[in-house]
Amino acid sequence: MQRSFFRRSALLAQQTAAALEGPLAARSAPLLQRMDRSMSSVPIPPPACMLRPLEVPMRYLFGPGPSNVPPRILAAGSRPIIGHMHPEMYEIMNDIKRGIQYAFQTENNMTIAMSGSGHAAMECAVFNTVESGESVPVAINGIWGERVAEIAERMGANVHRMVKTPGGYFTNNEITQAIEKHKPVLFFLTHGESSAGLCHPIDGIGDICRKHNCLFLVDTVASLGAAPIFMDKQNIDIQYTGSQKALNAPPGTAPISFNDRACHKMFNRKTKPVSY
Ligand code: PMP
């Protein structure tokens, strides 16, 4: 068994070497030699792709995201890893929080960089603030409103879809009418609807929500850093974004902020959130 693995590994190394040309072949040589000499007894040989260096081409990214990451940010990603309990880590996390507060233009204490994509932040916002059976009107003028409606429905919210053709926008009058009719706990709107190319006006909507004791949740995944938005000044109760769009960072982090009204709703729930 071990000998046959040996033979297979050697063959694989030879095949990989033969398939590679030029500088890639030179850079793969140490890995291939190591494989050839391998004394491992694992029955499944390493895949050929793991025996050559990772090649990532340079591409210009002109969509809403992911976007090109500047060298300064790429370099930050290559710093050493430290423990999550090291004092420097707390400092770094505080700095990140201050940076997000600045980017969101908020003083909210509950401001964090979640590990996850924009979708994780969407779920986090809805799952934490809404309980089963509560009323949630969702403005849908592209795919992101529809996605939030689905997320809220899956956790048992009473969703009211307000639908426009993709790229259409909602007047403050229409939003007032929906809120007066459905008496919701939360109203959702996408600021930068990337599927349709619309940047939705925000002014006045936070005041309407506040007047009717409803939280205002805004998706700024595709717009934060590209179009002006002022969380505190515009009375937005919950706001989230993604790292890989206008912020020009790698994907995998979702900044999110909750104000005191949103925290009060979260910490006075009657039931536990459906997701851990
Ligand atoms: N909301 C909007 C407006 C988006 O454009 C996107 C991503 N295209 C998302 C949410 C979801 O973000 P992610 O892909 O990081 O999960």
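The values are calculated or read from the model by the stated rules, or taken from the named source; none is laboratory data. Being a predicted model, the structure only gives us computed values, none of them experimental. Glycine also receives a Cβ, built like all others from the backbone with ideal geometry; neighbour counts cover every protein chain displayed.
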Answer yes if at least one residue in the stretch 16-31 is touching a helix residue (DSSP H, G or I) at 6+ places or on another chain (Cβ under 9 Å) and at pLDDT 90 or above, and no otherwise. no
The number of residues in the stretch 146-198 that are away from the ligand (no atom under 16 Å from the Cβ) and assigned to a loop (DSSP other than H, G, I, E, B) is 8
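Take His212 and decide whether it is farther than 18 Å from Asn108 by Cβ, within 14 Å of the ligand (Cβ to nearest atom), modelled with pLDDT of 95 or more and over 18 Å from the mean Cα position of the chain (by Cα).
Details: farther than 18 Å from Asn108 by Cβ: yes; within 14 Å of the ligand (Cβ to nearest atom): no; modelled with pLDDT of 95 or more: yes; over 18 Å from the mean Cα position of the chain (by Cα): yes.
When the stated conditions are applied, His212 does not pass them.
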Given (1) of a type outside the set (Lys, Arg); (2) under 17 Å from Ile151 (Cβ atoms); (3) assigned to a helix (DSSP H, G or I), His264 misses just (2)
Within the stretch 256-276, take every residue that is at pLDDT 95 or above and among the small types (Gly, Ala, Ser) and give me the one that is farthest from the chain's Cα centre (by Cα). Ala262
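Among the candidates Ala120, Ala103, which residue alone is more than 13 Å from the ligand (Cβ to nearest atom) and under 18 Å from Lys245 (Cβ atoms)?
Working: Ala120 fails: more than 13 Å from the ligand (Cβ to nearest atom).
Selected residue: Ala103, the only one of Ala120, Ala103 that is more than 13 Å from the ligand (Cβ to nearest atom) and under 18 Å from Lys245 (Cβ atoms).
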Take the stretch 240-261 and flag every residue that is in a loop (DSSP other than H, G, I, E, B) and within 16 Å of the ligand (Cβ to nearest atom). Thr241, Gly242, Ser243, Gln244, Lys245, Ala246, Leu247, Asn248, Ala249, Pro250, Pro251, Gly252
Those residues that are in contact with a Phe, Trp or Tyr (Cβ under 7 Å, 6 or more places away or on another chain) and of a type in the set (Val, Ile, Thr), I need them from the stretch 235-256; list them, please. Ile236, Ile238, Ile256
Taking the stretch 228-249 and keeping residues touching an Asp or Glu at 6+ places or on another chain (Cβ under 7 Å) and buried (at least 22 other Cβ atoms within 10 Å of the Cβ) leaves Tyr240
Top-ranked residue in the stretch 123-142 [being assigned to a loop (DSSP other than H, G, I, E, B) and farther than 23 Å from Gln244 by Cβ; ranked as farthest from the ligand (Cβ to nearest atom)]: Gly133
Does Ala120 count as within 30 Å of His182 (Cβ to Cβ) and part of a helix (DSSP H, G or I)? yes
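Which residue, of Ile73, Ile92, Ile81, is in contact (Cβ under 8 Å) with a residue 40 or more places away in the chain, out of contact with any strand residue (DSSP E or B) (no Cβ under 8 Å at 6 or more places or on another chain), away from the ligand (no atom under 16 Å from the Cβ) and not in a strand (DSSP E or B)? Quick ask: steps written out before the conclusion?
Details: Ile92 fails: in contact (Cβ under 8 Å) with a residue 40 or more places away in the chain; Ile81 fails: in contact (Cβ under 8 Å) with a residue 40 or more places away in the chain.
Among Ile73, Ile92, Ile81, only Ile73 is in contact (Cβ under 8 Å) with a residue 40 or more places away in the chain, out of contact with any strand residue (DSSP E or B) (no Cβ under 8 Å at 6 or more places or on another chain), away from the ligand (no atom under 16 Å from the Cβ) and not in a strand (DSSP E or B).
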